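What follows is a set of notes on a single structure, which appears directly below.
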């Protein structure tokens with residue numbers, strides 16, 4: 001079974017950037033050889049409110065939805081971009097409430113399975 005290189009980044013919410021506290025809320029995975037780009041997200045509103053009781057939960061949900069949307073066929077403003085271009089844009093450093101961590105790489109025979117594994121390990125646990 002052949003394995004291909006993939007790249008991923010954890011999507012996180014930093015409700016008060018000045019405090020540096022964060023929660024992992026998703027994973028963005030890109031596998032160029034397989035033409036694969038996908039984001040999986042899940043926001044635990046109670047955990048977010050524990051870090052910042054005044055957090056805009058609906059606004060954070062909308063921002064997370066944009067990550068998922070940017071990976072799909074109807075990518076909105078990223079429609080003309082390649083999957084690699086989209087991944088680079090989504091993982092570019094930013095100091096907003098929703099941001100990605102550093103990009104990591106690995107090998108996989110199945111990007112869907114790898115995304116599910118990373119999501120379970122890095123977000124749900």
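Things to note:
- Candidates 48, 28 - the one that is surrounded by 15 or more Cβ atoms within 10 Å (Cβ to Cβ) and within 16 Å of the chain's Cα centre (by Cα): 28
- Residue within segment 97-104 that is surrounded by fewer than 16 Cβ atoms within 10 Å (Cβ to Cβ), at pLDDT 95 or above, in contact with a helix residue (DSSP H, G or I) (Cβ under 8 Å, 6 or more places away or on another chain) and on the phi < 0 side of the Ramachandran plot present: yes
- Helices (runs of 4 or more DSSP H) contained in segment 35-125 and holding at least 1 residues within 25 Å of residue 4 (Cβ to Cβ): 57-71, 83-91, 111-119
- All positions within segment 74-94 that are within 13 Å of the chain's Cα centre (by Cα), free of Cβ contacts under 8 Å to residues at least 60 places away in the same chain and either surrounded by 12 or more Cβ atoms within 10 Å (Cβ to Cβ) or closer than 11 Å to residue 37 by Cα (or both): 86, 88, 89
- If you go through segment 31-42 and pick out every residue that is surrounded by fewer than 18 Cβ atoms within 10 Å (Cβ to Cβ) and farther than 16 Å from residue 106 by Cα, you end up with 1.
The values are calculated or read from the model by the stated rules, or taken from the named source; none is laboratory data. This is a predicted model, so every value here is computed, not measured. Please note: Cβ atoms are built from the backbone with ideal geometry, for glycine as well, and neighbour counts cover all protein chains shown.
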